[in-house]
Structure formats: structure tokens, C-alpha cells
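Q: The structure follows.
The values are calculated or read from the model by the stated rules, or taken from the named source; none is laboratory data. Predicted, not measured: the structure shown is a model, and the values here were computed from it. No Cβ is skipped: glycine too gets one built from the backbone with ideal geometry, and neighbour counts run over all protein chains shown.
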Amino acid sequence: MEYIKILIAKDFSKTPGPRYKKEGSFSAELFLEQILEKKFTDILEKKDKKIIIDLDGTLGYGTSFLEETFGGLARKYGADKVSEKIEVASKEEPWLLEDIKSYIEDVKKQS
Amino acid sequence: MENDEQPEIIVKFINETGGKKLSEKEKRLRYSVRVWKKRLKRRKVIERRKKHIRRLLQGKPLSLHNDIKTRVRYNDVRAPEDFSFLTNTEETIDFLNRIESYFNKRKQVFVVLKNVKNIDHSAITVLLSLMYKFRVAKIKFNGDFPDDLKVKETIVDSQFFRKLLSPMSSDMGNDYTMTKNNQIFARANTIVVSEMGEKIMEESTKTIWGERRICKGLQKTLIELMHNTNNHASRSEDNQEHWWLSVNHDKENKKVDFYFVDYGQGILRSLERKSNPKIWNNFWDNFKKMIDLGSEQKVIECLLNGEHWSPEQRIQPYYRGKGLPSIKDSLSRGQISDLQIITNNTRSEVDSNNFIHLSKNFNGTFIHWKLEKNNENKIWNI
């Protein structure tokens with residue numbers, strides 16, 4: 001399996017912000033638009049590729065940023081696809097992994 | 001048509017005129033009388049005001065006359081002796097509400113701080129956010145200094161006046177200034193300014209641990225609060241409510257206090273507003289039914305526990321409402337301390353799970369928390 005790594009602190013911002021662009025700088029909407037969505041669609045049909053998103057190295061996250069990133073992607077491409085193609089890593093805040101899992105699960109329950 | 005079936009105004013007219021229709025001359029005469037009565041009333045008010053000013057000017061040096069004449073136009077509002085949102089919540093709210101009532105009538109206000117014996121940043125921050133509304137609305141305001149020198153020094157060092165009177169600009173979000181006495185005010189506009197957290201974190205952690213440390217709970221709390229103001233504080237749909245943040249460094253005791261205020265509508269009123277069926281499908285009513293409400297304090301408790309957004313209940317978009325619970329999580333994990341929330345008629349001491357009913361309503365949201373030595377922190381590696 002080939003992993004494409006995204007380190008949010010390095011590739012996007014060490015101070016991730018709100019949910020939408022209109023709400024402030026370094027939003028999840030911007031992150032999806034500029035980085036994640038492009039990489040995600042590139043590997044969507046490739047069975048041997050996955051994305052691993054490293055959450056460490058930032059100052060901290062608001063819940064809206066994480067929900068829109070993972071929940072937002074799941075709303076657009078399906079919760080199963082997101083669970084299948086994306087892995088998340090965080091040594092600094094391990095509880096975020098559970099939170100993200102629940103955001104994707106919520107989308108699944110809604111659909 | 002019978003008399004008793006006629007509208008009151010017509011009956012009155014018939015009685016006054018003896019049932020006759022008024023001639024044009026009589027109509028004009030009556031109109032003139034009304035106008036003159038109004039003028040007379042206005043003249044009396046002006047005379048009374050002039051008399052009052054003459055009395056005030058008696059025995060005063062000529063150089064003060066202009067100041068006194070200007071002063072009379074303002075409405076005095078006296079601050080409580082213990083001017084603190086944390087230790088004297090209800091009196092402080094009462095004081096702020098009086099100022100706000102003048103704001104709503106677009107009347108000039110003179111804030112009397114003369115007798116204040118104790119003041120803290122909680123009060124200064126809320127006062128600043130309220131007075132800024134006067135400035136934006138171009139309503140004149142003024143005030144005096146406390147007689148107590150220590151209190152006066154606290155206000156001056158807080159940069160209250162500098163912030164209040166500095167030019168209004170759209171990039172207030174980058175404004176972060178450290179004053180000589182280690183007390184700072186940061187002010188931003190309506191959006192989430194996540195990058196501001198870096199500077200605040202650097203300075204705060206140096207005060208506590210003597211070096212830069214990463215406190216993720218601090219950043220999370222700041223983002224959630226700014227986000228809440230942007231999304232929920234405004235009474236209109238334009239999301240134009242300002243948030244204000246005050247950071248108070250206590251080098252001696254190695255702790256930093258944070259005061260966050262938005263003078264919007266408050267959490268509870270915001271929920272009520274969203275009960276508009278078109279927007280939130282009767283959110284408020286459903287919510288009250290759902291948790292079998294005994295009081296509004298219970299609502300805040302439930303919001304903090306994240307009990308309102310379960311997808312099954314479908315009372316608002318399922319992905320919303322995670323901000324307050326995540327702030328509470330930061331407290332539970334020891335990332336921040338002493339979390340207190342004052343909004344509408346509720347004061348929440350979240351640490352001790354104590355939710356108090358206030359007899360006065362605060363039209364906004366005030367949040368205090370602390371960062372101190374025993375809070376979770378990590379090495380600065382960014």
C-alpha cells in the first residue's frame with residue numbers, strides 16, 4: 001500500500017481556523033479546496049493508495065475545522081469511501097482520532 | 001347607527017362639537033392651539049435646562065463653563081464600587097444594562113467611575129465592548145476616572161482608552177499589544193483569527209513556564225469562542241458582532257487570565273431566535289421538550305455536555321453545536337482552568353458544575369478561563 005502523507009502544520013497552516021472561508025483564515029473549506037480534495041480524488045479509484053493525514057505540529061484545532069474536513073468530505077464523496085481511503089494520525093491529541101471517526105459515522109447515519 | 005356602536009373617537013368628536021361638523025376656521029384654530037401647546041412645552045423644557053445650567057455655573061471659574069455646559073447633555077450612569085463581572089455580577093450587569101438602555105435610545109452617556117474601589121479586567125473588557133458600540137453608532141459618550149489611584153492605574157494600563165479611541169479599521173484582528181505592565185488587550189472584528197493564538201500562546205506560556213510552550217486547549221478555546229461569536233452572536237443575519245479578548249498576565253503567581261466577551265444576544269437568546277421554524281424547525285421548543293427543562297440553567301448545562309446535537313433528534317444540523325462541549329473537554333483534560341460563563345440570566349461555574357440563576361439579564365456572552373502551572377502543556381516544536 002502506498003501512503004500519501006499530508007502534514008497539516010507544514011502543508012497548510014500551524015493555526016488551522018474555522019469551518020468556512022467567510023468565517024476567517026485557514027478554514028477547512030480552504031484546506032479541502034487547496035489540498036485534500038485534489039489528492040483524494042486522485043487516489044479515489046486507485047486500490048493501492050491511501051492518504052494519511054498527520055494532525056500534529058499545529059497549535060490546536062477547533063471542532064468545526066475537523067468536522068468540515070472529514071465530515072464535509074464524507075458528505076460529498078460518501079462516508080465509506082472516506083473511511084477506506086483516509087487514515088488519521090495524532091500522537092499529541094490522540095482523542096481527536098475518535099472525534100473524527102464519530103464525524104464520519106454521523107454522516108453515515110444521516111445518509 | 002346607535003351611539004354605543006360607534007368608535008370611541010367619533011363619539012368624542014360628536015360630544016365635543018355637539019354633533020356639528022367643524023368649520024375650516026375652527027379646524028385651523030384647533031390645529032394652531034395644538035402647535036402652540038407643543039411649542040410652549042418645548043420652551044419650558046429649554047428654560048428649565050438653562051436654569052439648571054445657570055445654577056451649575058454659579059461660583060464656577062469662567063474657564064470651566066464650556067465643560068459644564070457640555071456635561072449637562074450627558075446622562076450619568078454610575079458604576080458599582082466593586083466593578084467586577086466575576087465578584088459582583090448582578091450589580092455590574094445592572095450598570096451595563098443602564099448604559100445599554102441609553103444606547104438603544106441613542107442618548108449620550110457619561111460613565112461615572114469616580115467611586116469605584118475595585119475593578120478587574122472582566123469589567124473593563126465588557127465595558128469596552130459596550131462603549132465600542134456607542135462609537136460605531138456615533139453616539140457620544142464620556143466618563144471620569146476613579147478617585148482610587150490603584151483602580152485608575154488598572155484602567156490606564158489595560159489600554160482601555162487607547163483601544164476605545166483608536167481608529168476603526170478592518171484589520172483589527174492583527175492588533176495585539178503588550179503594555180508596560182504586562183496587561184494586554186487584543187481586539188478583533190467579526191471573524192475567526194486563528195493566527196492570533198500563536199502570539200497570545202507565546203506570551204502567556206512565557207509568563208507561566210518561563211519559556212514558550214504549546215497549550216492546545218488554549219488555542220481550541222479561542223477558536224471555538226470566536227467561531228461562536230461569528231455564527232451565533234449577531235441579532236441580525238449579517239454576523240457583524242465583534243468579539244473582545246482581554247489577557248491579563250500575573251507574573252507573580254505565574255498565571256494568565258483570559259476574558260472573552262461578545263455583546264451580541266447571549267447563548268440562550270440565540271437559541272430562542274433560532275426557534276424560527278423557517279430556520280431551525282422549532283429548535284427551542286423541541287429542545288425544551290427534549291430535556292424536560294426545569295430552568296434555563298439546565299439548558300446551558302446540556303449545551304456544555306453536548307446533549308443537544310444527537311443526529312437522531314434532528315433539531316439542528318447534526319454537525320453543529322460541538323464548540324461548547326469541546327471547551328468543557330479542554331477543562332476536563334486539564335488544558336485550561338476556572339472556566340466561567342455568564343450569558344443572559346445564567347452564571348455557570350463549569351469547574352464545580354454550579355449553574356446560578358441571575359436576577360439581571362446580560363445581553364451577551366462573557367467567558368473567563370485561566371492558564372496556570374498545572375495545565376497541560378507541550379514543548380514548543382512548531
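Q: Within region A:35-59, how many residues are surrounded by fewer than 19 Cβ atoms within 10 Å (Cβ to Cβ) and under 19 Å from B:L222 (Cα atoms)?
A: Residues meeting the conditions: 2.
Q: Going through region B:108-137 one residue at a time, which ones are surrounded by fewer than 16 Cβ atoms within 10 Å (Cβ to Cβ), out of contact with any helix residue (DSSP H, G or I) (no Cβ under 8 Å at 6 or more places or on another chain) and not in a helix (DSSP H, G or I)?
A: B:K114, B:N115, listed by residue number.
Q: Any chance you could count how many residues in region A:1-18 are away from chain B (no Cβ under 14 Å) and assigned to a strand (DSSP E or B)? I'd like the intermediate steps shown before the answer.
A: First, the residues of region A:1-18 that are away from chain B (no Cβ under 14 Å): A:1-6.
Applying the additional criterion that residues be assigned to a strand (DSSP E or B) yields A:2-6.
Residues meeting the conditions: 5.
Q: Let me ask another. Would you please name the residue that is modelled with the lowest pLDDT, looking only at residues in region B:39-91 that are assigned to a helix (DSSP H, G or I) and of a type in the set (S, T, Y)? Walk me through how you get there before you give the answer.
A: If we filter region B:39-91 for residues that are assigned to a helix (DSSP H, G or I), which is where we start, we get B:39-57, B:62-72, B:89-91.
Adding the requirement that they be of a type in the set (S, T, Y) leaves B:63, B:70, B:89.
Values: B:S63: 86, B:T70: 79, B:T89: 94.
Only one residue fits best here, namely B:T70.
Q: Could you list, in sequence order, all residues of region B:203-228 that are of a type in the set (D, E) and in contact with a Phe, Trp or Tyr (Cβ under 8 Å, 6 or more places away or on another chain)?
A: Keep residues of region B:203-228 that are of a type in the set (D, E), which gives B:203, B:211, B:224.
Result: B:E211, single match.
Q: Look through B:K140, B:K44 and report the one residue that is outside the structural domain of B:Q265 (by TED's automatic domain parsing), charged (D, E, K, R) and surrounded by 13 or more Cβ atoms within 10 Å (Cβ to Cβ). Break it down into steps so the answer makes sense when it comes.
A: Numbers: B:K44 fails: surrounded by 13 or more Cβ atoms within 10 Å (Cβ to Cβ).
Matching residue, one of B:K140, B:K44: B:K140.
Q: Listed residues A:G62, A:G17, A:G72; which is of a type in the set (G, A, S) and either more than 21 Å from B:T221 (Cβ to Cβ) or surrounded by fewer than 19 Cβ atoms within 10 Å (Cβ to Cβ) (or both)? I'd like the intermediate steps shown before the answer.
A: Numbers: A:G62 fails: either more than 21 Å from B:T221 (Cβ to Cβ) or surrounded by fewer than 19 Cβ atoms within 10 Å (Cβ to Cβ) (or both); A:G17 fails: either more than 21 Å from B:T221 (Cβ to Cβ) or surrounded by fewer than 19 Cβ atoms within 10 Å (Cβ to Cβ) (or both).
The conditions single out A:G72.
Q: Taking A:L32, is it under 13 Å from the mean Cα position of the chain (by Cα), away from chain B (no Cβ under 11 Å), of a type outside the set (F, W, Y) and surrounded by 23 or more Cβ atoms within 10 Å (Cβ to Cβ)?
A: Working: under 13 Å from the mean Cα position of the chain (by Cα): yes; away from chain B (no Cβ under 11 Å): yes; of a type outside the set (F, W, Y): yes; surrounded by 23 or more Cβ atoms within 10 Å (Cβ to Cβ): no.
So A:L32 fails the test.
Q: Output the residue which, of all residues in region B:330-382 that are more than 28 Å from A:L96 (Cβ to Cβ) and among the basic types (K, R), is farthest from the other protein chains (Cβ to nearest Cβ). Before you say what the answer is, go through the steps one by one.
A: Of all residues in region B:330-382, those more than 28 Å from A:L96 (Cβ to Cβ) come to B:342, B:344-347, B:354-364, B:366.
Within this subset, residues satisfying the condition of being among the basic types (K, R) are B:347, B:360.
Values: B:R347: 24, B:K360: 31 Å.
Selected residue: B:K360.
Q: Any idea how many residues of region B:339-379 are without any contact (Cβ under 8 Å) to a residue 40 or more places away in the chain, part of a strand (DSSP E or B) and more than 20 Å from B:W243 (Cβ to Cβ)? Spell out the reasoning first.
A: Step one: of region B:339-379, the residues without any contact (Cβ under 8 Å) to a residue 40 or more places away in the chain are B:339, B:349, B:351-352, B:354.
Keeping just the survivors that are part of a strand (DSSP E or B) gives B:339, B:349, B:354.
Right, trim to more than 20 Å from B:W243 (Cβ to Cβ) and you get B:349, B:354.
The total comes to 2.
Q: Right, next: Pull up region A:19-29, narrow it to residues that are touching a helix residue (DSSP H, G or I) at 6+ places or on another chain (Cβ under 8 Å) and basic (K, R), then point me to the one that is farthest from the other protein chains (Cβ to nearest Cβ).
A: Within region A:19-29, the first condition is being touching a helix residue (DSSP H, G or I) at 6+ places or on another chain (Cβ under 8 Å), and the residues that meet it are A:19-21, A:23-24, A:26-29.
Keeping just the survivors that are basic (K, R) gives A:19, A:21.
On the way: A:R19: 7, A:K21: 10 Å.
That would be A:K21.
Q: Now for a different question. Consider B:L113 carefully, then state whether it is in contact (Cβ under 8 Å) with a residue 24 or more places away in the chain, over 17 Å from the mean Cα position of the chain (by Cα) and closer than 26 Å to B:I367 by Cβ.
A: Values: in contact (Cβ under 8 Å) with a residue 24 or more places away in the chain: yes; over 17 Å from the mean Cα position of the chain (by Cα): yes; closer than 26 Å to B:I367 by Cβ: yes.
Taking the combined requirement at face value, the residue satisfies it.
Q: Right, another one. From the list B:I53, B:I93, which residue is out of contact with any Pro (no Cβ under 8 Å at 6 or more places or on another chain) and under 30 Å from B:E241 (Cα atoms)?
A: Details: B:I53 fails: under 30 Å from B:E241 (Cα atoms).
On inspection, the qualifying residue turns out to be B:I93.
Q: For the structure I just gave you, tell me whether B:T205 is at pLDDT 90 or above and within 13 Å of chain A (Cβ to nearest Cβ). Steps first, please.
A: Details: at pLDDT 90 or above: yes; within 13 Å of chain A (Cβ to nearest Cβ): yes.
Criteria met by B:T205.
Q: Just name the residue that is nearest to the other protein chains (Cβ to nearest Cβ) out of those in region B:215-227 that are farther than 15 Å from B:H368 by Cα and crowded, with 24+ Cβ neighbours inside 10 Å.
A: In the first step, residues of region B:215-227 are kept if they are farther than 15 Å from B:H368 by Cα; the result is B:215-216, B:227.
With crowded, with 24+ Cβ neighbours inside 10 Å added as a condition, the list becomes B:215, B:227.
Numbers: B:C215: 8, B:H227: 5 Å.
The residue in question is B:H227.
Q: Then there's this: What pairs come out if I take residues in region A:57-84 that are within 11 Å of chain B (Cβ to nearest Cβ) and pair them with residues that are in a helix (DSSP H, G or I) and of a type in the set (S, T, Y) whose C-beta lies under 7 Å away, six or more apart or interchain?
A: Listed pairs, sorted by first residue: A:T63/B:S326; A:L66/A:Y103; A:E67/A:Y103; A:F70/A:Y103; A:G71/A:Y103.
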